[in-house]
Structure formats: C-alpha cells, structure tokens
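First the structure, in the form of structure tokens, and then the observations on it.
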Amino acid sequence: MDKGNGLPGRQGGSQADWGAARQRPEDDADSRPGHDPYGTPPYGQPGPWAPAPPVQRPNPTPPAGTFVPPPGSTTPPAGTGLPPGAFPPPPAAPHPSTTTLPGAPPAGRYDPWAASPAMPPAPGAPAGPEPAPGARRPARLVAAAALIALLAGILGGTIGIYLERNGAFSDVRLPQTRAEANPPAEGSIAGIASAVLPAVVTLHVSGGGAAGTGTGFVLDDTGHILTNAHVVRPAGANGVIEVTFSSGDTARAEVVGQDSGYDLAVVRVTGVSGLTPVELGDSDAVRVGDPVVAIGAPFDLEGTVTSGIISATERPITAGGEEVDGSDISYVNALQTDAPINPGNSGGPLVDVNGRVIGVNSAIRTGDSGGLESGQGGSVGLGFAIPINQAKDVAEQLINTGRATHPVIGVTLDTGYLGDGARVGSSTGDPAVVPGGPADQAGVEDGDVITAVDGDRVRSGDELIVKIRSHRPGDELTLTVERGGEDLELVVTLGESAGE
C-alpha cells in the first residue's frame with residue numbers, strides 16, 4: 001500500500017514505468033510535424049527541450065613546481081634527463097599584495113571604463129616591423145597637393161584683383177583702334193600747324209588803364225615779331241608787352257615801330273635764343289578758293305588753329321576809327337577768308353598749304369554791328385588779312401627806320417560826296433590839289449571825280465585810299481577821271497609821305 005503519493009493508478013509503479021511514460025511518442029516534441037522545439041509552447045505545457053551547447057574543458061593547471069616546456073619545444077620522453085640550465089627557472093611570483101602592472105593606475109576602486117594599460121614588450125622580443133619605403137608617399141602627396149592649392153589660390157586671387165580693378169566685372173570696355181604715331185602729311189592742316197606753331201607767339205599788353213591780348217609771329221632770329229598796331233596800342237609809351245612763346249617761355253618786348261594806317265607794328269624780344277622764324281609767301285599769287293590756315297590766340301586761347309579758304313582778294317576795307325581824330329583808321333586792300341578769326345587772332349599769320357605766311361589777320365565783320373572791327377566781336381565767316389607783300393614792306397621800314405611811308409597822290413577828298421567814285425574837293429578852303437604834287441603834275445583838278453585806278457572801279461574815297469596804299473611810292477598808276485561828263489585817263493607817279 002503506497003502511502004506517499006496519493007495518485008491513483010500509480011500504486012506499485014516502478015521507476016522504469018515512469019521513464020516509459022515519459023518516452024511516449026505523442027509526448028516527443030520532435031515527432032510532431034511543424035513543431036518548433038525552440039518556440040514558445042502553448043500555455044500550460046512544459047518549455048522546450050533545448051540541447052546544451054558543447055563544452056570544451058580546459059586542460060588542468062599543473063601543480064605548482066611542475067616544469068612546463070616553452071611553446072614550440074618537444075617534450076622529451078619520460079625519464080630523459082635535462083641538462084642543467086636548459087630551461088630557466090620560472091620567475092618568482094610577486095606577492096599578491098604588491099603586484100602592480102606597468103602603467104596601471106594606483107591601487108583603488110576598479111574602473112571598468114578605464115583603458116587597459118599598455119604592456120611593455122617582453123625582454124629580448126624583436127622590435128616592431130620598420131615602415132615600408134612606400135609608406136611615406138601619402139604624406140608627400142598630401143604636402144604637394146597643399147602647395148599646389150596654395151599657389152593656385154594666390155594666382156587666382158591676383159588675377160581676380162587685377163580684373164576687378166580694371167573693371168572686368170563691372171565697367172563696360174569699348175574696343176578702340178590705336179593710331180600709329182606717324183608724322184603729319186605734308187600739306188595737311190596738321191602738317192601746317194606743326195610747322196608754323198613754333199613761330200607763333202601770344203602778346204599780353206597793358207598800360208594806361210587798358211589791356212589786351214593779340215597774336216604775332218617771329219620774323220627773324222634776332223627777336224623781331226610782327227603784329228597789328230591796334231594790339232600794341234594800349235601799351236603807349238610806358239606800358240608792358242609780354243610775349244609768350246609756343247614752348248611756354250615768356251619774355252618782355254619793346255615796340256620797334258608801328259603804323260596805324262597799315263595797322264602793323266614790330267616788337268622785339270631780347271635775350272631769347274632758338275627762335276623759329278616763319279617763311280613768308282607771295283600774296284600776289286593767292287587765288288580765290290585756295291585753302292588757308294589761321295593761327296592765333298582767340299579769347300586768349302593760344303595756339304588755336306582754324307582753317308578755311310580765300311573768299312576774295314583785294315577787298316578794300318577800313319578798320320578802327322575809335323579815336324576822335326581818326327588816327328587809328330587803317331586802310332587795307334585785304335585778303336578775305338572764311339577761316340574763323342576772333343578777338344585775339346589779330347596779328348596772327350594766315351598761311352597757305354605750304355606753311356608760308358600770305359597775310360596778317362587784322363579785322364572781322366561782326367553780325368551785330370554790321371561793320372568791320374579789329375577788336376571785339378565774334379567770327380561770322382568774314383575775316384580779313386593784310387597781304388604779306390604789303391606787310392613785308394612796312395615791317396622792313398619799321399625795323400630799319402622805326403617809321404613807315406605811305407604812297408600819296410597829293411589830293412584832298414570830299415568826304416561828304418555820296419555819288420559813285422571819289423570827288424576831289426576841300427571843305428576847309430585849302431586847295432584840294434597840292435601844288436606841285438603828283439596829282440597836280442598829272443593834271444588832276446579840283447572837282448574831278450576819280451572812278452577807277454588801273455581799270456579797277458572805285459566806288460568811294462576810302463576805296464581810292466586803299467588802292468593807292470596797296471602800292472609803293474614811285475609806282476605809276478592810271479587814274480580814270482570824270483570831268484564835265486567826259487572820262488579822262490591820267491598817269492600819276494605816287495609820291496611819299498611819312499606815316500604816323
């Protein structure tokens with residue numbers, strides 16, 4: 001009778017029967033198809049029967065004092081005697097209480113996160129392998145690449161700064177053709193200006209409460225300069241004339257001589273070397289339409305060059321008349337040009353295409369006054385120049401004697417006559433024909449009307465004076481005279497009178 005388990009049907013059961021019950025096929029998990037022995041069993045059933053992993057037991061540690069051959073050696077057979085010192089005795093183990101690993105922290109609390117101390121190599125152990133020769137190449141390549149990058153940065157920065165400063169990134173640069181530095185062509189305006197400008201000067205005149213600016217040109221290397229009489233008139237007897245050359249040098253000048261009737265004057269500078277005289281041309285050879293160049297200092301703008309053509313020749317003009325007695329009136333048989341001439345051009349040269357002076361710029365006709373002026377005003381394309389042939393004769397007289405002579409016929413003209421021509425007559429009671437003078441000898445009588453000189457028509461008394469003064473004393477002229485309704489031709493030899 002079983003008193004211990006209280007389970008029915010198990011009385012008298014043996015241990016073998018229990019084992020047999022455990023080995024029933026329906027209880028074997030491996031015999032059930034699709035059953036995972038490692039999966040989670042249904043609720044109430046036992047867990048999986050996982051096999052234990054294989055276990056490899058370590059060799060037992062030999063007892064203390066047992067000799068262990070070094071690795072790689074062969075254990076001799078049992079009973080083989082070993083020579084003394086064949087194997088060094090093992091080092092004595094340090095006392096547990098004093099054991100300290102090299103590099104280990106001081107004894108204390110264990111730190112599981114501390115780095116493991118580096119173990120020194122064993123005595124006698126070979127050193128680590130030397131780096132291969134190619135191991136240094138990466139470092140060299142890195143250094144070379146850094147140097148190239150540095151140089152490229154410097155070069156790029158320099159180019160960028162240059163382009164930025166020159167406006168490559170902002171300003172617009174327009175294409176331009178550079179002209180070659182060739183000398184000006186002969187006969188061109190540039191060539192004429194280049195040849196004549198060194199001989200042209202600017203005059204600044206002051207004195208007696210008046211001042212003015214004009215132009216002149218060098219006649220010779222001794223310092224003689226030709227200009228207009230109205231340019232130097234403000235200087236008077238004690239005024240100042242300052243000459244400015246094309247080089248910018250300045251010098252004081254003195255009046256050598258002047259003649260208001262021709263509106264010409266000669267001044268001279270001293271102590272100046274290297275002067276460049278002009279080349280004088282022939283004004284009698286000038287034809288209408290010939291190109292000309294005017295050079296001067298209009299409105300004190302020195303070295304100004306203008307160009308045009310000869311519009312007319314032998315144009316009789318009178319200029320001046322500002323003085324009460326008319327002593328400043330000039331009578332000129334002028335060259336007319338459309339080259340712009342303005343105040344300040346007076347006394348400057350009018351040159352031809354060969355750079356030769358053919359006239360002295362003297363007067364202009366202004367649009368506002370309707371008259372001829374030698375001073376103020378502006379150009380309207382009507383400029384007048386004294387022919388150089390006449391200017392040359394007067395300049396020579398002024399240089400040689402200080403005065404110029406005028407050709408005369410010895411008559412007095414009736415200024416109140418309004419008809420065509422110049423009538424001989426006097427309003428003062430003096431004889432109209434100078435006794436024994438050139439006109440008297442030629443047969444001219446009081447009341448005669450002179451209508452032509454050498455076949456050229458005369459319209460007024462001023463035109464008669466201009467035509468006579470365009471000749472030299474001693475020249476013979478044929479006068480056409482109207483007397484009593486008849487025309488007579490009388491030959492007169494010009495006399496001479498001293499100019500003022």
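The values are calculated or read from the model by the stated rules, or taken from the named source; none is laboratory data. Predicted model, so just to flag it, every value in this text is computed and none were measured. Cβ atoms come from the backbone with ideal geometry, glycine included; neighbour counts cover every protein chain shown. Surface accessibility is based on the protein's heavy atoms, side chains included, excluding ligands, DNA and RNA. Shrake-Rupley method; radii C 1.70, N 1.55, O 1.52, S 1.80 Å.
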Inset, instruction - Give VAL492, VAL481 a once-over and let me know the one that is of a type outside the set (Phe, Trp, Tyr) and under 28 Å from ASP328 (Cα atoms). - result: VAL492
Legend entry - Matching entry among GLY326, GLY303, GLY347 (being crowded, with 22+ Cβ neighbours inside 10 Å and at positive phi): GLY347
Inset, instruction - Could you tell me whether GLU314 is open to solvent by 60 Å² or more (accessible area, probe 1.4 Å), assigned to a strand (DSSP E or B) and in contact with a Ser or Thr (Cβ under 9 Å, 6 or more places away or on another chain)? - result: yes
Inset, instruction - At least 2 residues that are surrounded by fewer than 17 Cβ atoms within 10 Å (Cβ to Cβ) in each: list the strands (runs of 3 or more DSSP E) lying fully within region 210-249 that qualify. - result: 210-218, 240-244
Legend entry - For GLY271: the one exception among (1) under 27 Å from ASP338 (Cβ atoms); (2) not in a helix (DSSP H, G or I): (1)
Legend entry - The one condition in (1) of a type outside the set (Asp, Glu); (2) within 60 Å of the chain's Cα centre (by Cα); (3) surrounded by fewer than 13 Cβ atoms within 10 Å (Cβ to Cβ) that VAL491 fails to fulfil: (2)
Legend entry - So VAL205, is it under 22 Å from GLY402 (Cβ atoms), in contact with a His (Cβ under 8 Å, 6 or more places away or on another chain) and not aromatic (Phe, Trp, Tyr): no
Legend entry - region 179-206: number of residues that are assigned to a strand (DSSP E or B) and either farther than 19 Å from THR244 by Cβ or open to solvent by 20 Å² or more (accessible area, probe 1.4 Å) (or both): 2
Inset, instruction - Take region 432-450 and flag every residue that is at pLDDT 95 or above and in contact with a Ser or Thr (Cβ under 6 Å, 6 or more places away or on another chain). - result: PRO438
Legend entry - Residues that are assigned to a helix (DSSP H, G or I), open to solvent by 20 Å² or more (accessible area, probe 1.4 Å) and under 20 Å from LEU226 (Cα atoms), drawn from region 278-300: ASP284, PHE299, ASP300
Inset, instruction - For region 417-435, name all the residues that are closer than 22 Å to ASP456 by Cα and open to solvent by 80 Å² or more (accessible area, probe 1.4 Å). - result: LEU418, ARG423
Inset, instruction - Determine whether region 396-413 contains at least one residue that is of a type outside the set (Val, Ile, Thr) and over 30 Å from VAL256 (Cβ atoms). - result: yes
Inset, instruction - State all residues of region 447-473 that are within 26 Å of ARG315 (Cβ to Cβ), without any contact (Cβ under 8 Å) to a residue 40 or more places away in the chain and surrounded by fewer than 17 Cβ atoms within 10 Å (Cβ to Cβ); if no residue qualifies, say none. - result: ASP454, GLY455, ARG457, ARG459
Legend entry - Test: VAL444 is open to solvent by 50 Å² or more (accessible area, probe 1.4 Å), aliphatic (A, V, I, L, M) and more than 26 Å from ALA391 (Cα to Cα): no
Legend entry - Test result for ALA253, part of a strand (DSSP E or B), within 22 Å of SER330 (Cα to Cα) and among the hydrophobic types (A, V, I, L, M, F, W, C): no
